[in-house]
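Presented below is the structure to which this report refers.
The values are calculated or read from the model by the stated rules, or taken from the named source; none is laboratory data. Worth saying up front: this structure is predicted, and the values here are computed from it rather than measured. Here the Cβ positions follow ideal geometry from the backbone for every residue, glycine too, while neighbour counts run over all protein chains shown. Note: accessible area is taken over every heavy atom of the protein model, side chains too, but ligands, DNA and RNA are not part of it. Shrake-Rupley method; radii C 1.70, N 1.55, O 1.52, S 1.80 Å.
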Amino acid sequence: MTITELERSLPSLETGKAMHRLAGELYPICRSITGKGFRDSLSILTSQIPLKVHEVPTGTRVFDWTVPKEWNIREAWVRNERGENVIDFAKSNLHILQYSVPVHVRLPLEELKAHLFSIPEHPDWIPYRTSYYKENWGFCLTHRVLESLGEGTYEVLIDSSLAAGSLAYGEYLLPGKSEDEVLISCHSCHPSLCNDNLSGMTLASTLARLLGQVDRHYTYRFLFIPGAIGSITWLARHQKKATRIKHGLVVACVGDGGSMTYKKSRRGDAEIDRAALHVLKHSGKQYRLEEFSPYGYDERQYCSPGFNLAVGSLSRTPHGQFPEYHTSADNLEFVRAEYLEDSLATYLAVVRVLEENRIYVNQNPFCEPQLGRRGLYRSMGGRTDQAVHELAMLWVLNLSDGANALLDIAERSGLSFDQIAVAADALSGVGLLRQKSPKSHPHTPTRRRRNTR
Ligand code: ZN
């Protein structure tokens, strides 16, 4: 099956609904950069794909970093003098400052307040806070509850452990005809947060399942990793292999109602940058384009100068640019099936451009061939797009000199990649075009290396 056939076979909204259900299954779990919640989440994803779980022991050096201690939590609450739990981890896993060390103390409100975090401008939302690399403890709560806490002594219990263990990550490799790889990477370390985290996990695992059903030129590598430390760890363990990654996308924030946003790779003009931009331009919908910056998700690591991989990030509203970001309002209502499905369709369209972006050679380069004689000209009467189809064939014939790939031709002609690919198919069918070589994908970056910034 080709990707186009796959796209046509997907019933409307069914995939989006399934993605939303999967997000719902993952939602209650308290994930963090290490620990049981992360592993439990990977095991839920195995309902989609048989991903492999790798464990890297605490203390392992990974470039300039060290794999941290493993954090697990069972129970956490703050109790008032009447014995009522005023904050309870059992009600929302966002209540705990992630990586809180175990404590059991009694203390007055003033001292307790130094360990409490709220958002005054959104008094009904619980914030999400972490303290991975500095030992601390704390609770996150709505500002309304914080304001309601009376003077007195509070009992605090955090039954957690921060000890030597390991960092887990999930990996799924889908082999293609070529060893050249497309990387799809998503951070999977946030607790009950839907757009930032779960939308990416469900999109990546669904994309993996679907791509498993199609003929592939590229090998696809899917990574489900804790943010930052996960990509650093993977890159440290695969420094040589990483050069196989020719294109990559970091997936996050793909379930909200905002328009699609593409953040370019550090290279800025890599094939993935051009493919993503082309798809968005021809989507007929609003989109945003962001230049690379060394801030954001794991593209920071993939695009660090030692690697400089062609990895961009395709999202809807980017991190930090929606008020619900890193709060309890980033929930299952904020993320919708139709947006998840639209994002998935955009990913499939970008992958299709990468897969089909081949270089052809015109077999009749001396003046235009006679298309009519070959049944290609005005033959398909009634086709309303016949004029565009003919124009696309002329562009493909003219530019297929062995140097231009189909995406180059689409960009230069202003036509969509789909129109150009259909034209190339028709011309190949009558022998007017031949693929330059079986390995005629143009990703090899050498030609463009001088442009790297
Ligand atoms: Zn986040």
Query raised in the report: Taking the stretch 207-244 only, how many residues are away from the ligand (no atom under 16 Å from the Cβ), outside any helix (DSSP H, G or I) and under 18 Å from THR34 (Cβ atoms)?
Result: 1
Query raised in the report: Out of the stretch 344-366, which residues are out of contact with any Pro (no Cβ under 7 Å at 6 or more places or on another chain), β-branched (Val, Ile, Thr) and not in a helix (DSSP H, G or I)?
Result: VAL361
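Among the residues of the stretch 78-88, write down those that are in contact (Cβ under 8 Å) with a residue 24 or more places away in the chain and open to solvent by 30 Å² or more (accessible area, probe 1.4 Å).
Keep residues of the stretch 78-88 that are in contact (Cβ under 8 Å) with a residue 24 or more places away in the chain, which gives 78-81, 86-87.
Listed by number, the residues that qualify are ARG79, GLU81, VAL86.
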Query raised in the report: Quick one: how many residues across the stretch 176-206 are assigned to a loop (DSSP other than H, G, I, E, B) and within 16 Å of the ligand (Cβ to nearest atom)?
Result: 6
Report summary line: Counting only residues in the stretch 230-259 that are surrounded by fewer than 24 Cβ atoms within 10 Å (Cβ to Cβ) and aliphatic (A, V, I, L, M), the one farthest from TRP65 (Cα to Cα) is identified as ILE245
Query raised in the report: Can you name every residue in the stretch 325-350 that is open to solvent by 40 Å² or more (accessible area, probe 1.4 Å) and under 17 Å from SER118 (Cα atoms)?
Result: TYR325, HIS326
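Here is a yes/no grid of residues against (1) within 16 Å of the ligand (Cβ to nearest atom); (2) open to solvent by less than 20 Å² (accessible area, probe 1.4 Å):
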residue	(1), (2)
ALA276	no, yes
HIS282	no, no
ARG288	no, no
GLU291	no, no
GLN301	yes, no
GLY306	no, no
SER313	yes, yes
ARG316	yes, yes
GLY320	yes, no
Requested in this report: Could you tell me which numbered condition HIS54 fails, if it satisfies all but one of (1) more than 20 Å from HIS238 (Cβ to Cβ); (2) touching a residue at least 12 places away in the same chain (Cβ under 8 Å); (3) not assigned by TED's automatic domain parsing to the domain that holds ARG129?
Outcome: (1)
Query raised in the report: If you scan the stretch 117-141, which residues turn out to be away from the ligand (no atom under 16 Å from the Cβ), farther than 19 Å from TRP71 by Cβ and either aliphatic (A, V, I, L, M) or not in a loop (DSSP other than H, G, I, E, B) (or both)?
Result: LEU141
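Looking only at the stretch 65-77, count how many residues are out of contact with any Asp or Glu (no Cβ under 9 Å at 6 or more places or on another chain) and either more than 25 Å from GLN301 (Cβ to Cβ) or in contact (Cβ under 8 Å) with a residue 40 or more places away in the chain (or both). So that I can check it myself, show each step before the final result.
Just the residues of the stretch 65-77 that are out of contact with any Asp or Glu (no Cβ under 9 Å at 6 or more places or on another chain), to begin with: 65-72.
From what's left, either more than 25 Å from GLN301 (Cβ to Cβ) or in contact (Cβ under 8 Å) with a residue 40 or more places away in the chain (or both): 65, 67-72.
Residues meeting the conditions: 7.
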